[in-house]
Amino acid sequence: MKKLPNILSGSRLLLAPVFFFLFIQDDLLWRGLSLVVFTVAALTDFFDGYFARKYEVESNVGIFLDPLADKFLTFAGFVCLPFVDTSQFVWWAIILIVIRDISITLLRIYSDSKGIVMQTRKTAKIKTAVQMGYLYVALLLGFLFLIPGTTADIVRSIFRTDILYWGLMAVTAITVYSGIEYLYVNRKLFSSSE
């Protein structure tokens, strides 16, 4: 049980590229299977934390591995969206989201190396919730888009409203704002001479 949380986090790292590969195949069966993989990977996020707390086996490796695995899965989800429709899921917004999350992750690693605890705000939790909510809806619509007939027509009509595009703009704005807030609140990291 001691290694189980880290095994679950590690499995999420491995499942992220599997999900990505399956999703971009543009085939109903493979895309449906990709959503199953994504769901299983997302569930490992809950269970790794649950088991780490229950059996009191939290470790430095786990503290590093868990958010890294989360980022890999989130990145895989966002990066596959333009394969569904580049007019709704524009690359520049996806790139901004990825750059922000990589930058904050690197900053967290740097702060840990300096022995400084990074301050967080509610905005970061809101950002994560908004990202995941949007991602689940977008991935599901990307799957439904491949079902021929009425289902695909309904999804196309949703796409024509540009609601997903504007949703992505909102997600990008919240993500970038939370990154700027992180930098401002933790500005002491840049002025530290230690």
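Looking at Gly77, Gly133, which one is free of Cβ contacts under 8 Å to residues at least 60 places away in the same chain, under 25 Å from Gly10 (Cα atoms), assigned to a helix (DSSP H, G or I) and of a type in the set (Gly, Ala, Ser)?
Gly133
For region 142-151, which positions are in a helix (DSSP H, G or I) and over 26 Å from the mean Cα position of the chain (by Cα)?
Step one: list which residues in region 142-151 are in a helix (DSSP H, G or I), which gives 142-144, 150-151.
Selection gives Thr150, Thr151.
For region 169-187, indicate whether the set of residues that are modelled with pLDDT under 90 and among the β-branched types (Val, Ile, Thr) is non-empty.
yes
Identify, by number, the condition in (1) at pLDDT 95 or above; (2) crowded, with 21+ Cβ neighbours inside 10 Å that Arg12 doesn't meet.
Going through (1) at pLDDT 95 or above; (2) crowded, with 21+ Cβ neighbours inside 10 Å one by one, Arg12 breaks only (1).
Taking Val98 as the residue in question, decide whether it is over 15 Å from Asn186 (Cβ atoms), among the hydrophobic types (A, V, I, L, M, F, W, C) and touching a Gly at 6+ places or on another chain (Cβ under 7 Å).
Details: over 15 Å from Asn186 (Cβ atoms): yes; among the hydrophobic types (A, V, I, L, M, F, W, C): yes; touching a Gly at 6+ places or on another chain (Cβ under 7 Å): no.
Spelling it out, it is not the case that Val98 is over 15 Å from Asn186 (Cβ atoms), among the hydrophobic types (A, V, I, L, M, F, W, C) and touching a Gly at 6+ places or on another chain (Cβ under 7 Å).
Just to be sure I understand, how many residues within region 97-115 are modelled with pLDDT of 90 or more and either over 17 Å from the mean Cα position of the chain (by Cα) or crowded, with 17+ Cβ neighbours inside 10 Å (or both)?
Here the count works out to 2.
Is it the case that Gly142 is modelled with pLDDT of 90 or more and surrounded by 19 or more Cβ atoms within 10 Å (Cβ to Cβ)? Don't jump to the end; show me each part of the working.
Working: modelled with pLDDT of 90 or more: yes; surrounded by 19 or more Cβ atoms within 10 Å (Cβ to Cβ): yes.
For Gly142, the condition - modelled with pLDDT of 90 or more and surrounded by 19 or more Cβ atoms within 10 Å (Cβ to Cβ) - is met.
The values are calculated or read from the model by the stated rules, or taken from the named source; none is laboratory data. Everything numeric in this text was worked out from a predicted model, so none of it was measured. Note that each Cβ is placed from the backbone with ideal geometry, even for glycine, and that neighbours are counted across all protein chains shown.
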